[in-house]
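Remarks on the structure that follows.
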Amino acid sequence: MAIKYFYIDDDPKSENKVEGFSDAELSIDTMQHKDSWEEQLNFLKEKENDFGGLILDLKLDDLPNGNNKRADFRGTSLAQEIRTRQKEGVLKPFPIVLFSANDKTQQALEKTGMDLFDIFIDKSKLDDKAFPIFTRQLIDLPKGYNALGDSSMAINELLKVDETVIDSRFVSEYNETKKSPVHIQSRFLITEFLTKQGILIDEDVLAARLGIDKSQSEDWKILLEKLSSTKYQGIYCNGWPRWWMHLVEQWWNKTIESDTFLRSTQAKVRVEKIKQVTHLEQLVVAEKIDKANSDDFWTVCQGYNRPLDPVDGLLVQGQDNLYPWQEPKYVSVDAALWRKNIDNWIGVADVEKEKYATLKTLYSRKRQ
């Protein structure tokens, strides 16, 4: 049976906006807002057993509904009241997705507002590549809520891993979060576990740590199959494909090379050793970004989304409160100087500003 969402918008033609999410496992019923705040909440209560999640536009008052009524509430205020009633047990827990344009969201929301939503989908950045990613996440979210709603489920069952092999600080923090409502647990797992590199890594970081340019490597997907034992299989694993870093290192030590650490091996050597063992000849070594010196890749540049050794990067701003198990994001010098894909990293951290200014001066002189 397909996962069903209600999508509430003020646009009477809102079904056109969600056509790209089409999937046999997912259905989205679009509708305009009700005439009043209380009528909207009553509708959700009456239908709570008929849907698995809710998609909301941020602004609901631009256009009147079929009864010529404009909403006197916003997506955030509606989400806040839903979360309050879920905490009180009046409404069942279900995911809420913010579906809006980024410029409106940045202007209207602070962090506390974003915390009401499980994920944010930027309408302005949706394309043929993005739709399937978000479709998987929309399908996974209600399933995750069901799992999180079972208070007897231990962390090893939830994450499908022996908890003794992962950072004890994360385990302690999660166990504390488990006392909170389901949406807070969900938000914590997505924002602090799945989408931050550290205990788990995503496909781009995995490729970087293996020294591989995955976009140029015809055998990349075959290599991923050989790494299947390292793949994360816990909650939200389909919406957010990830790999256990400790298992990737074990795979390297047991299968590829036992005498050298993966971290201290050059990209070219990493790929050569992998090819020798796996016989996958169509794996291409990742090249250094301009102005970088090291190819001991361990992260990706936020500007170019290409492999980068952190020693060649600049810390991205807004990372002052990372948990101990999380690794910071970096932007390469070249991407920082040219402000490539600036929406992905906004700016360099304060501690890097002096270094950044020096680099700007240095390279501006070289261009003269």
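None of the figures in this text is laboratory data; all of them are computed from the coordinates on show. Note that the coordinates shown come from a computational prediction; the quantities given were computed from them, not determined experimentally. Please note: Cβ atoms are built from the backbone with ideal geometry, for glycine as well, and neighbour counts cover all protein chains shown.
Each 5 Å bin, from zero up to the one with the longest distance, holds this percent of the alpha carbon pairs of the range 47-88: 6, 18, 21, 25, 20, 9, 2. Here the mean projected area of the convex hull built on the C-alpha positions of the range 3-148 is 8.5 nm².
Under 5 Å between amide hydrogens, built in the peptide plane, is the criterion, and for residue 60 it picks out 75 among residues at least 5 positions away or on other chains. Computed from Cα positions, the angle between helix 168-177 and the longest principal axis of the chain comes to roughly 10 degrees.
Across the range 86-206, the fraction of Cα-Cα pairs farther apart than 19 Å, rounded to a whole number, is 55%. Here, the range 127-191 has an Rg and a Dmax of 13.5, 41 Å when only alpha carbons are counted.
With Rh defined as the Kirkwood radius, the inverse of the mean 1/r over Cα pairs, the Rg/Rh of the chain is 1.00. Listed from fewest to most Cβ neighbours within 10 Å, the set 246, 279, 33 follows the order 279, 246, 33.
Roughly speaking, what is the centre-to-centre gap between the range 191-212 and the range 296-335 when only Cα atoms are used, to the nearest Å? Between the Cα centres of the range 191-212 and the range 296-335 lies a distance of 12 Å.
Taking label points 7 Å from Cα along the Cα-to-Cβ direction, residue 156 and residue 68 give a separation of 6.6 nm.
Listed values for the range 154-163 are Karplus-derived 3J(HN,Hα) couplings in whole Hz (6.51 cos²θ - 1.76 cosθ + 1.60, θ = phi - 60°), namely 6, 4, 5, 6, 5, 9, 6, 7, 6, 5, and x replaces Gly and Pro. From the P(r) of the range 300-368, could you give the percentage of C-alpha pairs in the tail past 21 Å? Beyond 21 Å sits 22 percent of the P(r) for the range 300-368.
Hey, what number do you get for the chain at 222 nm if only DSSP H runs of n ≥ 4 count, each worth -39500 (n - 2.57), divided across all residues, to the nearest 500?
-10500 deg cm²/dmol
Of 169, 209, 187, the residue with the greatest mean-square motion in the GNM of the chain, using alpha carbon springs below 10 Å, is 169. Among the listed pairs 143/179; 87/160; 17/125; 59/340; 4/221, which are separated by more than 22 Å between their Cα atoms? Those over the limit are 87/160; 59/340; 4/221. DSSP finds beta bridges in the chain, and of those with both partners inside it, around 35 percent are antiparallel.
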